[in-house]
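Colleague: Quick one: the structure is below, questions incoming.
Where a number appears in this text, it was derived from the coordinates with a stated rule and is not lab data. Everything quoted here is computed from the prediction, not taken from an experiment.
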Amino acid sequence: MGIFKLHNAAISFGKKEVLKEVSFSLKTREILGIFGRNGCGKSTLLKMIFGTLRNGSVKISIDGIILNASENISAERIAYLPQHSFLPKNSKVRDLIPIYFSEETKQDAIFNDALIAKLASKKVSELSLGQVRYLEVLLVGNLDHPFLMLDEPFSMIEPLYKIEIKNLLNKLKVEKGIIITDHYYQDVLDISSQNLLIKDGIGIPIKSKDDLKHLEYLSKNSI
């Protein structure tokens, strides 16, 4: 079982402190939900962990070994799904799979997925938002990285594909530790084993929806 630890992440843009102190520990077989209002630094934090944003201060360890984000070592252990779609729109689904996986067994696992098998001959531009997001989660989730970060996987997609992505993530967590940021808090709470709210630059552990209300991320009238 792997253990990912984030130690005291902090970053400022000009005079504005976006993140002051965010820390957490995540094991494989766990899903961590990260909540926060727009501009609080959720996406910034994921980019810092992944190594594509090198401002600020971030210390990461996996199984007790400190990773040097400046050398993109973290990218070898952590797969990252960005907020915006990364798949080329004119490519067919079946042509994308060999780009990501050279092993036939891995390719077959994607091709034989019940939802993807029906879409193999279509171009990415012909897919719904939910179909694209499911495909992206499936591709990134089947990489060999022991940890996976997803930035807004549930945003603006059809309810059917929210269910399918949640089912997929529950399967993936058997071998991975997963970090999710999303404003669709209930979808995250449905599958997360621990949660964190970023407020005023600080990471605050969250145990329930009531905590999100108490800390004013949700209104007190939220259902």
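Colleague: Calculate how steeply helix 159-172 sits against the longest principal axis of the alpha-carbon atoms of the chain, using the helix alpha-carbon long axis, and give the answer as 0 to 90 degrees to the nearest 10.
Modeller: 80
Colleague: Can you compute the helix-only [θ] at 222 nm over the chain? Use -39500 (n - 2.57) per DSSP H run of at least 4 residues, normalise by all residues, nearest 500 deg cm²/dmol. Before the final figure, lay out each step's value.
Modeller: On the way: 9 runs with 73 residues, N = 223.
Mean residue ellipticity at 222 nm (helix-derived): -9000 deg cm²/dmol.
Colleague: Another one. Hey, which lysines would be in cross-link range of LYS220, C-alpha to C-alpha under 24 Å, not counting anything within fewer than 8 residues on its own chain?
Modeller: Within reach: LYS42, LYS199, LYS207, LYS209.
Colleague: Quick one: the Cα spread of region 1-86 along its three principal axes, in angstroms, biggest first?
Modeller: Per principal axis, max minus min of the Cα coordinates gives 39, 25, 25 Å.
Colleague: Straight-line reach from LYS123: which lysines have a Cα under 19 Å away, not including same-chain ones fewer than 8 places off?
Modeller: LYS89, LYS92
Colleague: Give the cross-link partners of LYS59 among the aspartates and glutamates, using a straight C-alpha distance below 18 Å as the criterion and excluding same-chain residues fewer than 8 apart.
Modeller: Hits, sequence-local ones excluded: GLU17, GLU21, GLU71, GLU76.
Colleague: So what is the relative contact order of the chain, in percent, for Cα pairs below 8 Å that sit 6 or more residues apart?
Modeller: 29
Colleague: Over the chain, with a Gaussian network built from C-alpha contacts below 10 Å, which listed residue (LEU197, LEU19, LEU67) shows the highest mean-square fluctuation?
Modeller: LEU67
Colleague: Here's a follow-up. What share of all Cα pairs of the chain, in percent, falls into each consecutive 5 Å distance bin?
Modeller: 1, 7, 14, 18, 19, 16, 12, 7, 4, 1, 0
Colleague: So, one more: Taking Rh as the Kirkwood radius computed over C-alpha pairs, what is the Stokes-Einstein D of region 67-181 at 20 °C in a medium of viscosity 1.002 mPa s, expressed in µm² per second?
Modeller: Diffusion coefficient, whole number: 147 µm²/s.
Colleague: Go through region 76-81 residue by residue and turn each phi into a ³J(HN,Hα) via Karplus (6.51, -1.76, 1.60, θ = phi - 60°); whole Hz please, and just put x for glycine and proline.
Modeller: Per-residue couplings from phi come out as 7, 10, 10, 8, 9, 9 Hz.
Colleague: Determine the alpha carbon to alpha carbon distance for each of LYS16/LYS166; LYS106/LYS162; LYS122/LYS176; LYS27/LYS122 and list only those over 28 Å.
Modeller: Over 28 Å apart, Cα to Cα: LYS16/LYS166; LYS122/LYS176; LYS27/LYS122.
Colleague: Pull up the DSSP beta bridges for region 3-214 and report the antiparallel fraction as a percent, rounded to 5.
Modeller: Here the antiparallel bridges make up roughly 55 percent for region 3-214.
Colleague: GNM, the chain, Cα, under 10 Å: largest mean-square fluctuation among ALA109, ALA120, ALA79?
Modeller: Result: ALA109 has the largest fluctuation of those listed.
Colleague: Still on this structure, I have one more. Mean-square fluctuation check for the chain, GNM, Cα pairs under 10 Å: which of GLU104, GLU164, GLU152 is largest?
Modeller: So, out of GLU104, GLU164, GLU152, the one fluctuating most is GLU104.
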